[in-house]
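The structure appears right after this line, and notes come after that.
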Amino acid sequence: MSQIQLSSMASVIASIEPIDPRHTAEARLRLDSLTKPIGSLGQLEDIATQMFSIFSGSVPFPLRRAVYVFAADHGVTAEGVSAYPREVTAQMVHNFVAGGAAINVLARLHDAQLTVVDVGVDAEFDPAPGLCLMKVRRGSGNMLREPAMTQEDLAAAIETGIRLAQSAKQQGQTLVAVGEMGIGNTTSASAIAAVLTKQPIGEVTGRGTGLDPAGRDRKLNILRESLERHFGDSTGTLEPLEILRCVGGLEIAAMTGFILCAAANRMAVICDGFISTAAAAIAHGLAPEVSGYLFAGHCSEEPGHRHLLRYIGLTPILQLGMRLGEGTGAVLAMPVIESSVRLFTEMATFSSARVSTANE
């Protein structure tokens, strides 16, 4: 791997600070003093506590929302693992640029600045507002036949994510969602989930974009053969970067770099679904402290997502039966997160409102 880029990632990881438990304790004390029964806001209290801690006791208002959608193609689509052809990745990037996708609608509605990143689409695009042309190569390798990425490609993709997170920080963005687009990427996410969580491949693999039972069986066979090729019968703990290099994807690698650098810059990061959470799981494997900066926007219908959330230790904010990707579930969670912080900062306390506490 490029020593310069590897050094950049190592520097980012070294600068990720664990959440200070003093801020967590301070947040809990305030929540218990608000004019409500203790714990009555449920998960909103956990979210507010985490936000208070991420920003070291001073949540910046207004929250500057943004969503980054990383796009790339996957060589393993040649094995028939998706119900959609590879060309759909590029077609959807054009749809994003034109403003017609689900993520465009939600980003507009919830005032989240949308950036689409071509990190590995098998097509060329003209420059357009909101589109970052940062292609490493035109799609990953076919994991069944070869590693998905070379060491140089992996380093370049991670560096792309780091650079974008640094740019997000410079723009003053504080609440960032991470999403993706890439035909075949549920295959990569399933492979990552199986290796990291040590679950049978059948437990972490769903229908993706809508495979029929025969298609899912073919996908399972491709996954089993790919894992055998790259990792054999290894029962030990594999290096996260090696897992990512062999069976990941360029957009997953870029999201990994983005998540690491966003955490290093004390930004709140919302993972979307299965694929972005696979990137978060790799980031967590590299730097466990990153989990303190992560939120799970929702829980996907893809079965592997639940295992990855458990691996990282995240509780999904929403349960909507979604499996679209694009960052949609993450953006939908943004108003819930902001609501939790507004309640935390704007509700009166028992003493300020002169309201009696329990048993008084």
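Does segment 7-35 hold any residues that are small (G, A, S) and in contact with a Ser or Thr (Cβ under 6 Å, 6 or more places away or on another chain), and which are they? If you could, list the steps in order and put the result at the bottom.
Quick first cut of segment 7-35, residues small (G, A, S) only: 7-8, 10-11, 14-15, 25, 27, 33.
Those that are small (G, A, S) and in contact with a Ser or Thr (Cβ under 6 Å, 6 or more places away or on another chain): A27, S33.
Remark: R28 matches the filter, which requires a residue to be touching a residue at least 12 places away in the same chain (Cβ under 8 Å), farther than 30 Å from R108 by Cα and of a type in the set (D, E, K, R). Pairs linking a residue in segment 271-296 that is at negative phi and in contact (Cβ under 8 Å) with a residue 60 or more places away in the chain to a residue that is crowded, with 24+ Cβ neighbours inside 10 Å and among the charged types (D, E, K, R), with Cβ atoms under 6 Å and 6 or more positions apart or on different chains, are F274/E302; I275/E180; S276/E180.
You will find that of M149, M143, the residue that is more than 21 Å from S8 (Cα to Cα) and surrounded by 23 or more Cβ atoms within 10 Å (Cβ to Cβ) is M143 and no other. Residues considered: A25, A107. Of these, the only one that is within 19 Å of A330 (Cα to Cα), at pLDDT 95 or above, in a helix (DSSP H, G or I) and among the small types (G, A, S) is A107. Which of the following residues is outside any helix (DSSP H, G or I), small (G, A, S) and under 30 Å from R137 (Cα atoms): A296, A279? Sole residue among the options that is outside any helix (DSSP H, G or I), small (G, A, S) and under 30 Å from R137 (Cα atoms): A296. Of all residues in segment 252-270, none are among the hydrophobic types (A, V, I, L, M, F, W, C), surrounded by 24 or more Cβ atoms within 10 Å (Cβ to Cβ) and touching a His at 6+ places or on another chain (Cβ under 8 Å).
Of the residues contained in segment 333-353, none is found to be surrounded by fewer than 23 Cβ atoms within 10 Å (Cβ to Cβ), touching a strand residue (DSSP E or B) at 6+ places or on another chain (Cβ under 6 Å), touching a residue at least 40 places away in the same chain (Cβ under 8 Å) and under 22 Å from T197 (Cα atoms). Residue check: G285 meets all listed conditions (1) in a helix (DSSP H, G or I); (2) farther than 16 Å from H110 by Cβ; (3) touching an Asp or Glu at 6+ places or on another chain (Cβ under 6 Å); (4) not hydroxyl-bearing (S, T, Y) but one, namely (3).
Residues that are within 27 Å of F96 (Cβ to Cβ), surrounded by fewer than 24 Cβ atoms within 10 Å (Cβ to Cβ) and under 16 Å from the mean Cα position of the chain (by Cα): does segment 186-193 have at least one? Checked segment 186-193: no residue is within 27 Å of F96 (Cβ to Cβ), surrounded by fewer than 24 Cβ atoms within 10 Å (Cβ to Cβ) and under 16 Å from the mean Cα position of the chain (by Cα).
Name the one entry in P60, P85 that is surrounded by fewer than 23 Cβ atoms within 10 Å (Cβ to Cβ), out of contact with any helix residue (DSSP H, G or I) (no Cβ under 9 Å at 6 or more places or on another chain) and either part of a loop (DSSP other than H, G, I, E, B) or modelled with pLDDT under 95 (or both).
P60
Go through the residues of segment 121-139 one by one and say whether even a single one is in contact (Cβ under 8 Å) with a residue 24 or more places away in the chain, surrounded by fewer than 20 Cβ atoms within 10 Å (Cβ to Cβ), closer than 23 Å to A107 by Cα and among the small types (G, A, S). There is at least one residue in segment 121-139 that is in contact (Cβ under 8 Å) with a residue 24 or more places away in the chain, surrounded by fewer than 20 Cβ atoms within 10 Å (Cβ to Cβ), closer than 23 Å to A107 by Cα and among the small types (G, A, S).
If the condition is being more than 19 Å from the chain's Cα centre (by Cα) and aliphatic (A, V, I, L, M), then segment 135-170 contributes V136, M143, L144, A148, M149. Of the numbered criteria (1) farther than 25 Å from K219 by Cα; (2) surrounded by 21 or more Cβ atoms within 10 Å (Cβ to Cβ); (3) touching a residue at least 40 places away in the same chain (Cβ under 8 Å); (4) not aromatic (F, W, Y), the one G327 fails is (1).
Just so you know, in segment 67-104 the residues that are touching a Ser or Thr at 6+ places or on another chain (Cβ under 9 Å) and of a type in the set (F, W, Y) include one that is nearest to I158 (Cα to Cα), and it is F70.
Annotation: A71 fulfils all but one of (1) surrounded by 15 or more Cβ atoms within 10 Å (Cβ to Cβ); (2) among the small types (G, A, S); (3) part of a loop (DSSP other than H, G, I, E, B); (4) touching an Asp or Glu at 6+ places or on another chain (Cβ under 8 Å); the unmet one is (3).
The values are calculated or read from the model by the stated rules, or taken from the named source; none is laboratory data. These numbers come from a predicted model, not from an experiment. Cβ coordinates were reconstructed from backbone atoms using ideal geometry, including for glycine residues, and neighbour counts include every protein chain displayed.
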